[in-house]
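Notes follow the structure.
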Amino acid sequence: MELNKENMKKIRWLIAFAVLLYLGVQNLNIVISTAKVFLGFLFPFIIGFGIAFILNVPMKFIEHHLFGKVLKQKKKAAQKLSRPVSLVLAICFVLCVFVIVMLVVVPELGATFVSVGKKIEENIPVFQKWIDNAFGNNPEIVKWTQSLDIDPGKMIDSVLSVLKSGVNNIVSSTVSITMGLLSTAMNVSIGFVFACYILLQKEKLQQQIRKTMYAIFPEKPVRYIEHVWHLANRIFSSFITGQCIEAVILGSMFFVSMTILRFPYAMLVGVLISFTALIPVFGGIIGCWISFFLILMVSPLKAVLFLALFLVLQQIEGNLIYPHVVGGSVGLPSIWVLVAVTLGGSLMGIVGMLIFIPMVSVIYTLFREWVYDRLEKKQLVL
């Protein structure tokens, strides 16, 4: 390598990076604490960016379908009003979905818990009689079952006594809990306001960032960053839209079929399946077993029939609905979807499952582009 001016500049940057990396490793605790402070400062803006990304999906849909013709006519008054009106309608839409779900789920859950408690109380004598018949030769087991005294009223009293005994601990931690809630509420409020500013001026903000990057960095890496951003934006938006539509369709199928077949908790199971179906791969299974347990408390036969219904609807959803609704928006083979869900779930829980599939899809697409580019340069056809 020639030691010309350009190469000497690269060597200086490489030495500086190596020195900083060495100092960072030697003072890892300071680096981690500084990073935590920095992330704490940026946390409201990270929340805001996430809110903006989610709200952008319904906002774009509303703006395109409600103001599309007006925007093509390039009327200034319509252009100024279209974005704020679309944003307000998108926020109202998301809030309405949450309110409807809460109005449906909370009363149903309350009624379900009351019903399950009554069923358990009613089945205790049946259980004791079955034990008597099955283990009549073992007097100790029979004596133990007859001594069982499960009274919901006594159970509630015991829970209340435990709560009363822990009042002092609760009071002592009230201040810290309150401060934590206030901090979370403040972060979400700041993030929401930041999201509104982003969505109202996203084109202008994007243009400013683009100009700044071209002014600071070389043209080739900036163009590649733009390519990655557009790819990620397309995949994430398509994944969120498709996953939500697919979850609504699946929940509606369960509600309609369970209503026709007169299964209990049709509305609750439909909403529950819709929410759990947002979790790729494992969501439907989680919703299935929760629903199976609820129906089992009412009728064991219908619980078994519900499993059969679930298998049928899952086959319809997996082979017909999901490929057409979500389609190739994610563009990942099944094995990598499973890897992404498992890795995301282990690192970040349910949120990780939702984030890692489109994120791994972006990485997979970029890697595939790099491989094909290398093969083309080597003039290899495989």
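The values are calculated or read from the model by the stated rules, or taken from the named source; none is laboratory data. Quick caveat, the model's predicted, so the values are computed rather than measured. With ideal geometry, Cβ positions are generated from the backbone for all residues, glycine too; neighbour counts draw on all protein chains shown.
Just to be sure before I move on: is residue 114 part of a helix (DSSP H, G or I) and at pLDDT 70 or above in the structure I sent?
Considered against the rule, which asks whether it is part of a helix (DSSP H, G or I) and at pLDDT 70 or above, residue 114 comes out as yes.
Since residue 366 meets every condition but one in (1) of a type outside the set (Phe, Trp, Tyr); (2) at pLDDT below 75; (3) touching a helix residue (DSSP H, G or I) at 6+ places or on another chain (Cβ under 7 Å), which condition does it not meet?
With respect to (1) of a type outside the set (Phe, Trp, Tyr); (2) at pLDDT below 75; (3) touching a helix residue (DSSP H, G or I) at 6+ places or on another chain (Cβ under 7 Å), residue 366 is out only on (2).
State yes or no: is residue 320 at pLDDT 80 or above, over 21 Å from residue 236 (Cβ atoms) and not β-branched (Val, Ile, Thr)?
no
For region 252-277, what are the residues that are in a loop (DSSP other than H, G, I, E, B) and either under 14 Å from residue 290 (Cβ atoms) or in contact with a Leu (Cβ under 6 Å, 6 or more places away or on another chain) (or both)?
264, 265, 277
What is the one condition in (1) over 13 Å from residue 357 (Cβ atoms); (2) at pLDDT below 80 that residue 336 does not satisfy?
Condition (1) is where residue 336 drops out.
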